[in-house]
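Working notes for the structure below.
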Amino acid sequence: MTASADGPAAEGITFPGAAEPARESWFDSDGLRIHVVEWGREGDPPLVLCHGFWDHVRGFATLAPLLAAGGYRVCALDVRGHGDSDWAHTYFWWSWIADIVRLVESIDREVALIGHSFGGGQAVDTAVVIPHRVRKVVNIDGFGPPPDDETTPTLTAQFEQFLDYRRKITERPTWRPYADLQQLIARRGAQNPRLDGPWLEYFAFHGARRSAAGWTWKADPQMAVGMGPWKPEFVEHSYAALRRPLLAVEGTEKDTWGPLPDTVIAPRLDRARNVERVRIAGAGHFVHMERPHETAAAILSFLG
């Protein structure tokens, strides 16, 4: 893997199979600069990759080159508040969809959308909004949160929590700096214990920025409350409205963020008109990070 003098190679931080993007650019979305990286040849059929919550484009650094080798132009964006894109004053679901829609429109060709986790849900909703620009959709373990149960706060309580956090975040609008990168790696590793140390080091390096005060995450902490209270049942309506073929990719291993039981996933996916399901053995929630070769093979087969 090659990098500029001030990139990860200069730090000695690389990862086997992770490829540096071939191109990097920004575009405007509601006055915000949205960051895009690309792998593959510009003239090849385009794919648009949508990352998960708190993640960034380099989470696709092992999957994207495999898709590019399959004959595709692979474009990944940092939606607002993530990675190297600008932060917003507030966040709601459809503002993130708008970022993806504007990237698709700038490509000016029919695309396939591939998303992980919350990016998987966004890929589905983007295809619902602009079906004439999307030919197929791949959702990697992004089938929504578990259903509400007796422990779920009432909507009134959720609104109170949402507003209380919004007030609190005005007192500390950025993350507390960590003394070194290893502390960020440990923090992320506690949340995602299935991801190994070398990958977490690579992932955290690109997901943080260094200053005289230390290392801080690039993601906007205000996103922790996102768009406010939201009901899991809303997910089914997106699948019912989807008019494009859908590939649902799941892991087989229990993880901190999934997978959901089939009794939850199946009724949601049954609302889609044309859906295929594939399970990747030995992967948890981060299927494309844990098993990039198997994930790429499933996607390339589906795309045809």
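Could you check how much of the accessible area of region 146-275 is carbon and sulfur, as a whole percent, using a 1.4 Å probe?
Details: 3860 of 7250 Å².
The value for region 146-275 is 53 percent carbon and sulfur by accessible area.
List the lysines whose Cα lies under 27 Å from the Cα of Lys136, skipping any in the same chain that are fewer than 8 positions away.
Here the lysines satisfying the reach criterion relative to Lys136 are Lys231.
So for the pair Ala69, Arg41, with labels modelled 7 Å out along Cα→Cβ, what separation do we get in nm?
Roughly 1.7 nm, to one decimal.
Peptides 252-260, 140-148, 174-182, 47-55: what's the order by average Cβ count within 10 Å, highest mean first?
Ranking, from highest mean packing down: 47-55, 140-148, 252-260, 174-182.
Which entry in (1) 15.5; (2) 20.7; (3) 17.8 matches mean projected area of the Cα convex hull in nm² derived from the coordinates of this structure?
Only one listed value fits the structure, namely (1).
So between Thr90 and Ala266, what do we pick up on full extension, going 0.36 nm a residue minus the alpha carbon distance? Numbers along the way, then the final one.
On the way: separation 176, 0.36 × 176 = 63.36 nm, distance 3.31 nm.
Taking Thr90 through Ala266 to full extension adds about 60.1 nm, to one decimal.
In a GNM of the chain with a 10 Å cut-off on Cα contacts, which of Pro21, Pro153, Pro46 has the highest mean-square fluctuation?
The residue with the greatest mean-square fluctuation here is Pro153.
Sort 24-30, 167-173 for me by packing, meaning the mean count of neighbouring Cβ atoms within 10 Å per residue, highest on top. Walk me through the numbers on the way to the answer.
On the way: 24-30: 14.7, 167-173: 9.9.
Ranked from most to least packed, the peptides come out as 24-30, 167-173.
With the full set of protein chains in place, find how many percent of the accessible area of region 2-128 is carbon and sulfur; take the probe as 1.4 Å. Let's see the in-between values first.
On the way: 2290 of 4520 Å².
Result for region 2-128: 51 percent of the exposed heavy-atom area is carbon or sulfur.
Want the number for Phe234 to Glu160: 0.36 nm per residue separation, take away the alpha-carbon distance, what's left? It would help to have the intermediate numbers written out before the result.
Values: separation 74, 0.36 × 74 = 26.64 nm, distance 2.10 nm.
Once the chain is fully extended between Phe234 and Glu160, it gains 24.5 nm.
Which of the three applies to region 129-193, rounded, prolate or oblate, going by the alpha-carbon gyration tensor with a ≥ b ≥ c and a/c under 1.5 meaning rounded?
On the way: a/c = 1.76, a/b = 1.20, b/c = 1.47.
Judged from the Cα gyration tensor, region 129-193 comes out oblate (a/c at least 1.5, b/c at or above a/b).
Please give the length that would be gained between Trp257 and Leu300 if that part of the chain were fully extended, namely 0.36 nm times their separation in residues minus their C-alpha to C-alpha distance (nm, one decimal). Don't skip to the end; give the middle numbers.
On the way: separation 43, 0.36 × 43 = 15.48 nm, distance 2.55 nm.
Full-extension gain reported as 12.9 nm.
In whole Å, largest first, what are the principal axis extents of the Cα atoms in region 229-294?
Extents along the principal axes, in whole Å: 31, 29, 20.
Given Cβ point charges of +1 (Lys, Arg) and -1 (Asp, Glu) and nothing else, what value in debye, to the nearest 20, does the dipole of the chain about its Cα centre take?
Rounded to the nearest 20 debye, it is 240 debye.
Computed over the Cα atoms of region 202-261, what is the ratio Rg over Rh, Rh following Kirkwood? Walk me through the numbers before you get to the answer.
Numbers: Rg = 17.6 Å, Rh = 16.0 Å.
Answer for region 202-261: 1.10.
Only Cα pairs within less than 10 Å get springs; with that Gaussian network setup on the chain, which residue of Trp87, Trp217, Trp230 has the largest fluctuation?
Trp230
Once amide H atoms are placed 1.01 Å from N in the peptide plane, what residues at a sequence separation of 5 or more from Arg277, or on another chain, have their amide H within under 5 Å of its amide H?
Ala248
Over region 132-280, what portion of Cα pair distances is larger than 29 Å, expressed as a whole percent?
38 percent
Using every Cα-Cα pair within region 1-120, state what percent have a distance larger than 18 Å. It would help to have the intermediate numbers written out before the result.
Details: 3554 of 7140 pairs.
That tail contains 50 percent of the Cα-Cα pairs.
If amide H atoms are built 1.01 Å from N in the plane of the peptide, which residues on other chains or at least 5 residues away come under 5 Å of the amide H of Ala208?
Long-range HN contacts for Ala208: Lys218.
At a threshold of 8 angstrom on Cα-Cα distance, excluding pairs fewer than six apart, so keeping six or more, what relative contact order does the chain reach in percent?
Relative contact order here is 18 percent.
When ligands, DNA and RNA are left out and all protein chains stay put, how many square angstrom of accessible area per residue does region 91-210 have with a 1.4 Å probe? Don't jump to the answer; show the numbers that get you there.
Numbers: 5860 Å² over 120 residues.
Solvent-accessible surface per residue comes out at 49 Å².
The values are calculated or read from the model by the stated rules, or taken from the named source; none is laboratory data. If you're wondering where the values come from, they're calculated on a predicted model, not measured in any experiment. Because the Cβ atoms are built from the backbone with ideal geometry, glycine has one as well, and the counts that use them run over all protein chains shown. Only protein heavy atoms, including side chains, enter the accessible area calculation; ligands, DNA and RNA are left aside. Shrake-Rupley method; radii C 1.70, N 1.55, O 1.52, S 1.80 Å.
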